[in-house]
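None of the figures in this text is laboratory data; all of them are computed from the coordinates on show. Quick caveat, the model's predicted, so the values are computed rather than measured. As a convention, Cβ positions derive from the backbone with ideal geometry for all residues, glycine included, and neighbour counts pool all protein chains shown.
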Amino acid sequence: MEILTSGVTKFYRSIYDIVERVQANGLVIYGAGYWGEASLRIFSLFGVGPICFCDDDPAKQGTMVTNAGRTIPVLALDDAAEKYPDAIYFAAVASGGGKDAPRAVMNRRLKERGLLSECSGFHPVRYLFLLDCGLDLFEQGQTPQEDGFRVENLRNMVVFNHMSNSGSAFFGTLMDGHPNVINIAMLGNLVPLKDIYLERLQYLEGKELVLETASQMSPYFVSQVPDEAYFPMISRLASRFFLNEDGQPEERVYIDSAKFVSALSAELFDRGRVSFAVLMKAIFAAYANSTGRRCCPSQTYWMFFMRHKENYDMCEMDALLTPGDFDRLEYWFIVREPIQHWFSWLKRFVLEEKPESLWYPGRPEQYVGRLSCDLGIMLEKNRCNQGKTVKVVRFEDVKLKTEATMRAVFKWMDLPFDEKTLEATTNGFPVYFPSSGNGKGTISSRDTTAVDRKDFSALMTSYDIFRLNLAVQNFKRTFGYDCDVPHYTEFSEAFLDELYRHPFRFEAALDRAGEEAMKKGYLLPDERPVSHDYIAELLTGYMAQSGHELFSDVFWPEKFDTEER
């Protein structure tokens, strides 16, 4: 079955499938550098190797690579294409960086010569863990560990979402401390699990399913390769999100790949093709087992799935899940006061970002998406999601009223409160958060800078703040934030159009990011690097509509305190 994905036209079924094709047609690794050598080592585990390398560097062409007693020639791409037109080719370099990045350029060169195939989507970084755990664990099913978690033990799930830069990572580290909650930190940010399932995993079984599922968990595995070698192919968990007290990646949060694979194989190997719910439960069970957790079948356990997608569509998984998959399936969102949130996102990702990295926030879909969160679009009720159980937690309450908020959260889950949830941990280890704004490089769980900020003048004038408050007031009032502006329905459409015709101060920073995005090739042909029209259209278009009813069930710490008293 054809499986579509980005990057290449089609995508390979599994690395086992690539190996079969290599055995029939040969392999040419395009790139004789670090990742080329890593690719050679990975395929050697399967008993196959390249016919040759090819490389665009004239200094490498005509040389030899030695491996296990073999000498493998390095050719120019055109020479390799002429000699081996039917071989499997892939670019063994880092990805990311836009249309001029090495992998994008190399894939275009392969395509021009008719050499680009579904196997060209192979990324060696996803399979580095094989060099640590080997292949034996995939060849036959493993025995479930005694008192370990099984798929059958996981009957409850929270799908947790956020406004970008709204404290979701912090809240996840608090949830991490509860013995009845299995949290795979930032899973939805680091692994596009739903997309990978639909594109590939739903068609696999046995060793293919176990190996390809494990390959997606590379951000979480202990590795002999330093974290910086993964970037920009994969964001590693510690280096991206969780630091130690000295501001270095907290390496102890990583898990042993062999333990995870063994536990995953015990759950998946003999099941054949599995549903999305079973795959999720198997991943969470294997993760818990690999961290040394023990399961008590008489207790209730929750999977805490951090989807990490702004403006999340709560109907996203409806077609993937059935009513019998879970006893309780709930959707939670963390929100933040909109002016604080918008300023914080701009400051972190635009004002303080390096010029070469501004392509990401410079795309209209990125900053419009973030500002849409401040309007509450992610939490609007509509016909398809009325039946969802939606709860909201405020970032300010998590920071300033931590214990009362966490008590309210666990009461809703029918779990006892645990004091370990008052500290930020991942897999039981204390963690800190990256910061470039406080001079220390880290943010502790007790730091309240993010909710105390009052000066927004670096990016907003008082006039800007008034205009933003006018647009986001439905959100602010629904979730208990102070708002002293008149309702926008008191003004005419013509007045509002005039009001938002004038540029915001922060637009200069966004436009600079837009120019970088255009240079990198990340803007579509009909997109523009100037942000004003996108921002004005979003705000005025929102206020021109009626019926913005938001989900309003909040974990109020004050209500919990009153009930307890």
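Expressed to the nearest 5 percent, the antiparallel share of DSSP beta bridges inside the chain is 30 percent. Between A544 and E152, the contour length at 0.36 nm per residue exceeds the alpha carbon distance by 136.2 nm. Computed from the C-beta positions of K99 and E205, the FRET efficiency with R₀ = 51 Å rounds to 0.85. If you take the Cα centroid of region 296-359 and the Cα centroid of region 152-177, the two points sit 8 Å apart. Taking a ≥ b ≥ c as the square roots of the Cα gyration tensor eigenvalues, region 246-362 comes out prolate, since a/c reaches at least 1.5 and a/b is larger than b/c. Label-to-label distance, D270 versus E316, with points set 7 angstrom from Cα along the beta-carbon direction: 3.5 nm. Taking the DSSP beta bridges with both ends in region 15-127, the antiparallel portion is around 30 percent.
Cβ-to-Cβ counts within 10 Å put T322, T426 in ascending order as T322, T426, the fewest first.
Please state the shape class of region 162-295: rounded when a/c is under 1.5, otherwise prolate if a/b exceeds b/c and oblate if not, all from the C-alpha gyration tensor. Note, shape of region 162-295 comes out prolate. If the label point is 7 Å along Cα→Cβ of D79, which residues in region 8-42 have backbone nitrogen under 17 Å from it? It comes to 28-33, nothing else.
Going from the residue with the fewest nearby Cβ atoms within 10 Å to the one with the most, L264, L75 rank L75, L264. Ranked for footprinting exposure by Cβ neighbours inside 10 Å, fewest first, S218, S265 give S218, S265.
Give the distance, in whole Å, between the Cα centre of region 198-269 and the Cα centre of region 486-565. About 36 Å separates the Cα centre of region 198-269 from the one of region 486-565.
In whole percent, what relative contact order does the chain give with Cα contacts below 8 Å and a gap of six or more residues? 17 percent.
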